[in-house]
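The values are calculated or read from the model by the stated rules, or taken from the named source; none is laboratory data. Fair warning: this is a prediction, and the values are worked out from it, not measured in the lab. Cβ coordinates were reconstructed from backbone atoms using ideal geometry, including for glycine residues, and neighbour counts include every protein chain displayed.
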Amino acid sequence: MIELVRVIDFLAGRKLLSRVDRQSFDCVDGILSGFSPLSATREGTLSWSRQPISDWSDIRAGAVICPEEQVSNAPGEISILRSPDPRRAFFEVVSRFADSQGKSGIAPSAVIGENVTLGENVFIGPHAVIGESCVIGEDTEIHANVVVYPGVHIGKRCRVFSGAVIGADGFGYFKDENDLYRKIPHIGGVEIGDDVEIGANACIDKGCLDSTVIGENCKIDNFCHIAHNVRLGKNSVLTAGVILCGSVQTGANCWLAPGSVVKDGLSLANNVLVGMNSVVYRSVRKSNVQVVGNPAKIIKVMDEE
């Protein structure tokens, strides 16, 4: 249960509340029972809308965060909270007030190698494997069946979801005198910054000589592949099925849409958006651009914030 007045104070403090509709907002001591989507609101919950609402007939929420241009047309029992960014405001509230205490503890079936350093409040799920000499920062969650190879460093407040593999050898071979492929030893590592999320069944290979590096606050979706020696800039997002080939380097705040591929050895500048299923064959050296297609080409220059 959440006091609505606490939500209002929280949003006001975050400068995410423009105005509360006093005409319909009768009880500042009202209690919210939880959260629900606008398409299926439940009585007494908090919801949000991207667009102004004209028809409230199917809305049962106790309060709705709306855009600033929302008119005062809600029934008396529903409170309108106007915000310059309703989506952010709603999920800031969920993050702050939802009853989802972080997990901690080590499952009995987890396997922890020698000389592993675990920070406070770390969670290691069932059948997860943590190799020797790994370092895992405080408040990090390693979910079931994750494999973290020896020597990997993972920062604070990270979440690694089931089936992910971090620190396996990269894909590298040379031909010997008989024209047969021989494996290139990989003696580098993987370094993952703070506040990173790694989706289910994602793979991050360790570097050949140096480390593969994932910058702070990066978000990596399910089934992504990050090859050896990649350097992913901070606050970047890889959505489902993205492939970064060996030694790719990205700047900060890049967004790669589902199924996109970046060829080995290339670089992306800051704030590059790669479109769905696009294949990048040449480095993108200009910041704040959108590239789309196969081969990917710049189709839009975005405004710098």
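Within the range 227-250, the set of residues being under 15 Å from the mean Cα position of the chain (by Cα), surrounded by 23 or more Cβ atoms within 10 Å (Cβ to Cβ) and not in a loop (DSSP other than H, G, I, E, B) comprises Leu232, Leu238.
Screening Ala128 with (1) aliphatic (A, V, I, L, M); (2) modelled with pLDDT of 95 or more; (3) more than 20 Å from Lys206 (Cα to Cα) gives one miss only, at (3).
Taking the listed residues Glu120, Glu69, the one that is assigned to a loop (DSSP other than H, G, I, E, B), under 30 Å from Ile142 (Cβ atoms) and not hydroxyl-bearing (Ser, Thr, Tyr) is Glu120, with no other qualifying.
Suppose we keep only residues that are in contact with a Pro (Cβ under 9 Å, 6 or more places away or on another chain) and not aliphatic (A, V, I, L, M) within the range 8-33. Which one would you say is modelled with the lowest pLDDT? This residue is Ser24. In the range 170-179 there is at least one residue that is assigned by TED's automatic domain parsing to the domain that holds Cys218 and on the phi > 0 side of the Ramachandran plot.
For the range 110-131, a residue qualifies if it is touching a Ser or Thr at 6+ places or on another chain (Cβ under 6 Å) and either in the same structural domain as Val190 (by TED's automatic domain parsing) or surrounded by fewer than 19 Cβ atoms within 10 Å (Cβ to Cβ) (or both), and the qualifying residues are Asn115, Asn121, Pro126, His127.
Looking across Glu138, Glu177, Glu132, one residue alone is more than 24 Å from Ser247 (Cβ to Cβ), in contact with a Pro (Cβ under 7 Å, 6 or more places away or on another chain) and part of a loop (DSSP other than H, G, I, E, B). It is Glu132. When we screen Cys218, Cys134, Cys158, Cys203 for residues that are of a type in the set (A, V, I, L, M, F, W, C), modelled with pLDDT of 95 or more, outside the structural domain of Ile243 (by TED's automatic domain parsing) and under 18 Å from the mean Cα position of the chain (by Cα), the only hit is Cys158. Listed conditions (1) outside any strand (DSSP E or B); (2) crowded, with 22+ Cβ neighbours inside 10 Å are all met by Arg88, apart from (2).
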